[in-house]
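Single-structure report; data block below.
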Amino acid sequence: IRLPKGEGIAGQVMLSNKTIRVNEASSDPQLNLAAITAVKTRSIMCAPMHNDRGQMYGVLQVVNKKKIYPEDPDELQFSDQEEVILTDFGHHVGPVVQGWMSFYDAKSGLESELTEAVKGERQMANVISFLIESGGAALRD
C-alpha cells in the first residue's frame with residue numbers, strides 16, 4: 001500500500017523515523033485500513049526501513065497479531081520485544097529491498113532497451129527484405 005508521507009501510522013513513521021505500535025487500533029481515528037484492505041485492524045505496528053547508508057527507505061507494517069495461546073488475553077497485542085524485533089528487521093532488510101528494487105529498475109530498463117533493439121532489428125530486416133525483393137531497384141532510383 002502506498003500512502004502520502006504523514007498519512008496514517010506508516011506515514012507517521014516516515015516523518016518520525018521511529019517505530020509506532022498501536023494495540024487498540026479500533027480506538028485510533030487514523031486507522032481506517034478497512035476501507036483500503038477490507039481487513040478489520042485490531043493491532044498494528046510499523047517500523048522504519050533503512051538503506052545501507054542508514055537513510056529511511058520505507059516502512060514495514062504488521063497488522064493483527066495472531067493469538068497462539070487462548071489463555072493469554074494480552075497475546076493479541078504486540079509486545080516490547082516484538083517491537084525491537086521489527087525495528088531491527090527494518091534495519092537489516094532495508095538494504096536487501098533497496099538492492100532488489102535497484103536490480104528490478106535496471107532489469108526493466110534493460111528489457112525496454114532490448115525491446116527497442118528488437119524493433120530496430122525487425123525494421124532493418126524489413127528494409128533488407130524489400131531491397132532483395134526489388135532487386136536493388138529502390139537503391140538505384
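Bear in mind that the values in this text are calculations on the coordinates, not laboratory data. Remember, it's a predicted structure, so these values are computed and weren't measured experimentally. Every residue, glycine as well, gets a Cβ built from its backbone with ideal geometry; the counts of neighbours run over all protein chains shown.
The table that follows gives values for the structure above.
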{"quantity": "Potential lengthening between ILE85 and GLU7 on full extension [0.36 nm per residue; Cα-Cα distance subtracted]", "calculated": "25.7 nm"}
{"quantity": "Sequence ranges 80-87, 16-23, ranked by mean other-Cβ count within 10 angstrom, highest first", "calculated": "16-23, 80-87"}
{"quantity": "Extension gain (nm, one decimal) between SER102 and SER16, 0.36 nm per residue minus Cα-Cα", "calculated": "28.4 nm"}
{"quantity": "Above-threshold pairs, the threshold being 26 Å between Cα atoms, out of LYS5/LYS66; LYS18/LYS65; LYS65/LYS107; LYS18/LYS40; LYS5/LYS67", "calculated": "LYS5/LYS66; LYS65/LYS107; LYS5/LYS67"}
{"quantity": "Potential lengthening between GLU116 and ASN64 on full extension [0.36 nm per residue; Cα-Cα distance subtracted]", "calculated": "14.1 nm"}
